[in-house]
Amino acid sequence: MAGKTPKGKIVVENDIEKNREEGNWNRVIELADLLIKSKRPLHCFLLGEAKLESYLERNLPLDKNIEKARLELVECTNYLRETITEDGDKCGVALDGHLLLGKVQYTIGDYEGALKHFIEADLQGLTEKTLAPRSIRIIAESFAIKGMCLEKISPISGSKYGHVEWLEQIKHCYEVAGDLGFLYLQHQDKQHTSNIFISSSTTGGSHSPQPTMTHRQNHLSVFVETAILRAPLFLIDHGKLLEAMSFYRNMLSSVEANGTHIIRLVLCRQLAELLLRRVTGLSYTSPVGKLRLNYPFVKIQSFFIIMIFCKCCMDFIIRIEK
């Protein structure tokens, strides 16, 4: 029996990771109870994460839900606070604990508290590490939430420099959130393709049901999706039209993945509206770096060609949405 314990432990931990990825939070809670007592911080982390994600599946993180979140996330917060201790650090859950607590604090309306947890986790430094898919999703959400928290809080300094730095921080957070969010979906696509190949190989090419992706696996987090859609509008509101155009282009030129189709359609429509309503011929810049538009006539001619294309895109998108 003693020889079987490590194997059983590995099976439980693998099942936990699988259900975390698929968003089966009730099953995660059941499996967490099978962990040995010496892993108390990990047990608390899994319970806190599961209860937080379950709540957010039922309730969007909106201002009108803040009071409800404060009441329902008390137990979740208590579990996660047990992960940011010395024992939690030894167990390897302290960083993720801080990130999830930042998510909790945003949901209950404590924006400064959320930012403090992201500082404790050294959020910026986490992007330089090799990350598991679930960690990519959590960090993408954290950058999105950090950007939204910064928007809610006015710049500390009233100087022009402080305002510019505030704008750059928010822009950076939204850009990283979008990049990591799309990276997560691309990884899920690759994993799904690999699973289908393995399934086909083991069944000898039969017509057995193929592995399917859950809604959670092929959709962006509500936080990341909000950040992606919010970023260009935020830049436009602060007179950064060219930077907004650049954000749209970067998102639309990223590698295609399941789960990005709808948001790409929205971004495409918003970019077309921006070009049609806010950008003039002389202020237009080509997305192609090698294309030189130094002469005003050539620049305006190119701009009008883009305008015609945008109008056609708008008509096409409207027909699709109907």
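The values are calculated or read from the model by the stated rules, or taken from the named source; none is laboratory data. Keep in mind it's a predicted model, so treat the numbers as computed, not measured. Quick reminder, even Gly has a Cβ in these numbers, built from the backbone with ideal geometry, and neighbours come from all protein chains shown.
Observations on the model:
- The set of residues in the range 95-133 that are surrounded by fewer than 16 Cβ atoms within 10 Å (Cβ to Cβ) and not in a helix (DSSP H, G or I) comprises Asp122, Thr127, Glu128, Lys129, Thr130, Ala132.
- Qualifying residue in the range 26-49 (condition: in contact with a helix residue (DSSP H, G or I) (Cβ under 7 Å, 6 or more places away or on another chain), over 16 Å from Ser221 (Cβ atoms) and outside any helix (DSSP H, G or I)): yes
- Exactly one residue among Ile153, Ile119 is under 20 Å from Asp237 (Cα atoms), of a type outside the set (Phe, Trp, Tyr) and over 17 Å from the mean Cα position of the chain (by Cα), and that residue is Ile153.
- Residue within the range 79-94 that is assigned to a helix (DSSP H, G or I), of a type in the set (Lys, Arg) and surrounded by 20 or more Cβ atoms within 10 Å (Cβ to Cβ) present: no
- Any hit, the range 282-303, residues being more than 30 Å from Pro155 (Cβ to Cβ), at pLDDT 60 or above and surrounded by 14 or more Cβ atoms within 10 Å (Cβ to Cβ): yes
- In the range 68-82 there is at least one residue matching the filter, namely being farther than 21 Å from Gly147 by Cα, in the same structural domain as Asn24 (by TED's automatic domain parsing), among the hydroxyl-bearing types (Ser, Thr, Tyr) and modelled with pLDDT of 95 or more.
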